[in-house]
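Encoded as structure tokens, the structure appears first; notes follow it.
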Amino acid sequence: MTNEQEFIITLNKVNKWYGQFHVLKDINLNVKVGERIVICGPSGSGKSTMIRCINHLEEHQEGEIVVDGVVLNNDLKNIGQIRKEVGMVFQHFNLFPHLTVLQNCTLAPIWVRKMPQKEAEAIAMKYLERVKIPDQAHKYPGQLSGGQQQRVAIARSLCMNPRVMLFDEPTSALDPEMIKEVLDVMVELAQEGMTMLCVTHEMGFAKKVADRVIFMDAGQIIEQNEPEAFFNNPQSDRTKLFLSQVLGH
Amino acid sequence: MKLDNRNGLTRLIYNPTVRSLFFQAVVLAGLLWFLLTIISNVMTNLDTRGISTGFGFLSQPAGFGISQTLIEYNETFTFGRTFFVGLLNTLLVSALGIVSATVLGVFVGVSRISPNWLLRKISMVYIEVLRNIPLLLQIFFWYYVVLQTLPRPRDSLTFGETVFINIRGVFMPKPMAESGFVVYMTLIVAAIIGVFVLGRWAKRRMINTGQQFPVFWASVGILVATLVIGFFITGRPIAFDYPELRGLNFRGGMSLIPELIALWFALTIYTSTYIGEIVRSGIQSVAHGQTEACRALGLNEKQRMNLVILPQAMRVMIPPMTSQYLNLTKNSSLATAIGYPDLVSVFAGTTLNQTGQAIEIITMTMLVYLTISLLVSAFMNWFNKRVALVER
């Protein structure tokens, strides 16, 4: 446990199969506290699967995952402990449609953190203000635009006061003009020092805030570097091809 | 230019409002003519055959006995009374059936998607077999195949000489109120109210302070303590009338007649298969992303089900659930096939045979089912509105 202080997330030789299909091949990854990582790569390369393994939405079959000093295995208590500390934002928001925006934000703090309702609501309002939609608190998700819904989803995760935030293609389901409002919130969050792992195709976001960009293909980490070096001087041919396609237009 | 030159009548024919009014008037007139013809035809026929009409028969003595009556009844009561006896018997078996079919159905439906392989397969076979056998056959199965093979009263199956099961039905001790009964009942009602108050208090406290309280066990404790201690404090206010074998049958106590048991079981099991499928599809209709969001937030499986999945599944489940409740109530009229004294059997059967007043009796019976169905569906619509989602 030498890494305990230094790394908040450690993936050590993680392997995963879907039946015969080998989705993650010997993934090694260490994430420092406060580090902002952007993960990119073609679809089907295993980027989403990798971050979904970190809070056990997917199960890895081999290797070791340690989050905040807790080993991720089949122990329900460990899984619960990790999920409390790791927030996640999904491509399709996954807000609870039968609850108001405010109730969406207070549900987990009340039931998981056992927080008094008043306190939970105060915290929820604080984060809703941060994502700039406090006036929508008493509406239902179905009454909001996609961009607003995604910002609620970010606020909902932040209400649990997580140590790490995982973003799984948070802007892929949004109209172009709504992407910016979500990215602005994410940039602010990054600048405040939140540890973030973000699967995204928004290369502008990567250049702006990332400490490290990771390129994945066919279940492997092909290349990782600081954004400047990554974009200006990619090492592998696969990365070069990918970047030329993403940045080429 | 050419169009504008048409005369007034042509313009009227091509006016959509006039057109639709005209056709509606034609249909209405046709319908009225049809009804009038039928009614006058019926009146003439009844007249020539000398059949009396009107509801006078309801106050004539019935002259026949009924095997199960929830209100006081014997041969000297009127046909009007047989109507209510039949109605109450219908309501009894429907209410019993709806409650038990819902409980069993929810269990089967949840088992159907359980991670437990054996449970999943058993409930699949249960549903596929039992919903594909006609209900009438299932009623016959329980009545003729299962219940008719039970022993005669003399050789009854018994549990501690208090409950007896035989071919004539199930016989149980009947509780009877003694002095102090009112006080005892008041105590029990107070305890039940207390439990409700406790539940609300515990929930409020959890929301306000985050502290949890073992509501379930506290409630069980309060209720059991009240039942037991209250029983002795109020001086044993309930005595039991035990069934006893006298001659060929049991006397005293309470009994369930085999017709009721057969009908109840068949309705419960048949309807539970449909409710099971409704529950399964309701739960599966909630997008998988909801489950992932719950897990990512750290909610446990019970919280996920109760706080997120079921409230959303509910709105999908309620409309088809309503039609199952209506079906069960209407299907209970198959009672007449095994002689359970429900409304159809007693009123639209025996009473109709004895009075011959088919129109009045069938109309009354139909109106009863219609009223029950409309009431059930009005309640379910109100409930559905309460759980509906706000979309915009």
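Readers should treat all values here as calculations from the given coordinates under stated rules, not as data from a laboratory. All of these numbers come straight from a predicted model, not from anything done at the bench. When we count neighbours, we look across all protein chains shown, and the Cβ atoms used for this are built from the backbone with ideal geometry, even at glycine.
Summary of the geometry: region B:348-389 and region A:7-31, compared by the centres of their Cα atoms, lie 64 Å apart. Could you tell me the center-to-center distance, by alpha carbons, between region B:47-93 and region A:83-156 in angstrom? About 62 Å separates the Cα centre of region B:47-93 from the one of region A:83-156. Beyond 18 Å, the tail of the calculated P(r) for region A:182-245 holds 35 percent of the Cα pairs. A viscosity of 1.002 mPa s and a temperature of 20 °C, combined with the Kirkwood radius over Cα pairs in Stokes-Einstein, give a translational diffusion coefficient for chain A of 115 µm²/s. Of the three principal axes defined by the Cα atoms of chain B, the extents in descending order read 94, 70, 45 Å.
Its Cα gyration tensor gives region B:303-348 an equivalent ellipsoid. The semi-axes, each the square root of 5 times an eigenvalue, are 37, 10, 6 Å from largest down. Relative protection proxy for A:187-193, A:72-78, from highest mean packing down: A:187-193, A:72-78 (other beta-carbon atoms within 10 angstrom). Put simply, the convex hull of the Cα atoms in region B:92-182 casts, on average, a shadow of 10.0 nm².
Springs between alpha-carbon pairs under 10 angstrom, Gaussian network model over chain A: which of A:GLN20, A:GLN117, A:GLN143 fluctuates most? Evaluated over chain A, the most mobile residue of the options is A:GLN20. For the segment A:111-117, counting C-beta atoms of other chains within 10 Å of every residue's C-beta and taking the mean gives 6. In terms of Cα atoms, the Rg and Dmax of region B:42-108 work out to 18.3, 59 Å. Name the shape class, rounded, prolate or oblate, that the alpha-carbon gyration tensor gives for region B:163-224, where a ≥ b ≥ c are the square roots of its eigenvalues, rounded holds for a/c under 1.5, and otherwise prolate holds if a/b is larger than b/c and oblate otherwise. Oblate is the answer for region B:163-224, as a/c is 1.5 or above yet b/c matches or exceeds a/b. Structural size metrics of region B:23-63, computed from C-alpha coordinates, are Rg and Dmax of 16.1, 53 Å.
Averaged over the residues of B:296-309, the number of partner chain Cβ atoms lying within 10 Å of the residue Cβ comes to 6. For region A:107-232, the alpha-carbon radius of gyration amounts to 1.17 times the rule-of-thumb value 2.2 N^0.38 Å expected for a compact globular protein. Scaled against 2.2 N^0.38 Å for its residue count N, the alpha carbon radius of gyration of region B:253-360 is 1.64.
Averaging the sequence gap over all C-alpha pairs within less than 8 Å and six or more residues apart, then dividing by the number of residues, gives region B:121-278 a relative contact order of 38 percent. Per residue, the Cα convex hull of region B:137-176 amounts to 79 Å³.
What number comes out for the charge environment of B:PHE141, summing +1 per Lys or Arg and -1 per Asp or Glu over other residues with Cβ under 15 Å away? That sum, taken over residues with Cβ under 15 Å, equals 0. Scattering from region A:88-168 was approximated by placing one identical point on each alpha carbon and applying the Debye formula without solvent; log10 I(q)/I(0) at 0.19, 0.24 1/Å stands at -0.72, -1.17. Excluding the site residues themselves, the longest part of chain B lacking any GluC sites (Glu not before Pro) in a DSSP loop with at most 16 other Cβ atoms within 10 Å is B:179-390. The per residue volume of the convex hull around the alpha-carbon atoms of the protein assembly as shown is 291 Å³. Volume per residue for region B:87-136 equals 65 cubic angstrom (convex hull of Cα atoms).
Tell me the Kirkwood hydrodynamic radius of region B:1-115 in angstroms, computed as one over the mean inverse distance between distinct C-alpha pairs.
On the way: mean 1/r = 0.0467 Å⁻¹.
Evaluated over region B:1-115, this radius sits at 21.4 Å.
Based on Cα contacts under 8 Å between residues 6+ apart, region B:248-322 shows a relative contact order of 36 percent. When each of the peptides A:151-160, B:232-241 is scored by how many other beta carbons lie within 10 Å of its residues on average, the order from highest to lowest is A:151-160, B:232-241. Considering only A:ILE79, A:ILE54, A:ILE37, the Gaussian network model of chain A with Cα springs below 10 Å gives its largest mean-square fluctuation to A:ILE79. Computed from backbone phi, the HN-Hα couplings of region A:166-172 come to 10, 10, 9, 6, x, 10, 6 Hz, rounded to whole numbers (Karplus: 6.51 cos²θ - 1.76 cosθ + 1.60, θ = phi - 60°; Gly and Pro given as x).
In region B:112-239, Rg over Rh equals 1.16, where Rg is the alpha-carbon radius of gyration and Rh the Kirkwood radius from pairwise Cα distances.
Based only on other Cβ atoms within 10 Å, what is the fewest-to-most ordering of A:MET115, A:MET194, B:MET254?
Values: A:MET115 22, A:MET194 18, B:MET254 14.
Final ranking by Cβ density, sparse to dense: B:MET254, A:MET194, A:MET115.
Over the protein assembly as shown, DSSP H runs of length four or greater, each weighted -39,500 (n - 2.57), average out per residue to a 222 nm ellipticity of -17000 deg cm²/dmol.
How do A:VAL89, B:VAL129 line up, fewest other C-beta atoms within 10 Å first? Don't skip to the answer; put the middle values down first.
On the way: A:VAL89 27, B:VAL129 10.
Going from least to most buried by this count: B:VAL129, A:VAL89.
After finding the eigenvalues of the alpha carbon gyration tensor for region A:1-70, what semi-axes result from the square roots of 5 times each, listed largest first in whole Å?
Working through the eigenvalues yields semi-axes of 21, 14, 9 Å.
If you take the square roots of the eigenvalues of the alpha-carbon gyration tensor of region A:58-127 and sort them as a ≥ b ≥ c, do you get rounded (a/c under 1.5), prolate (a/b over b/c) or oblate? Verdict is prolate for region A:58-127.
How do B:LEU104, A:LEU128, B:LEU248 line up, fewest other C-beta atoms within 10 Å first?
Working: B:LEU104 18, A:LEU128 23, B:LEU248 9.
If I rank by nearby Cβ atoms, fewest first, I get B:LEU248, B:LEU104, A:LEU128.
Here the relative contact order of chain B, from alpha carbon pairs under 8 Å that lie six or more residues apart, stands at 22 percent.
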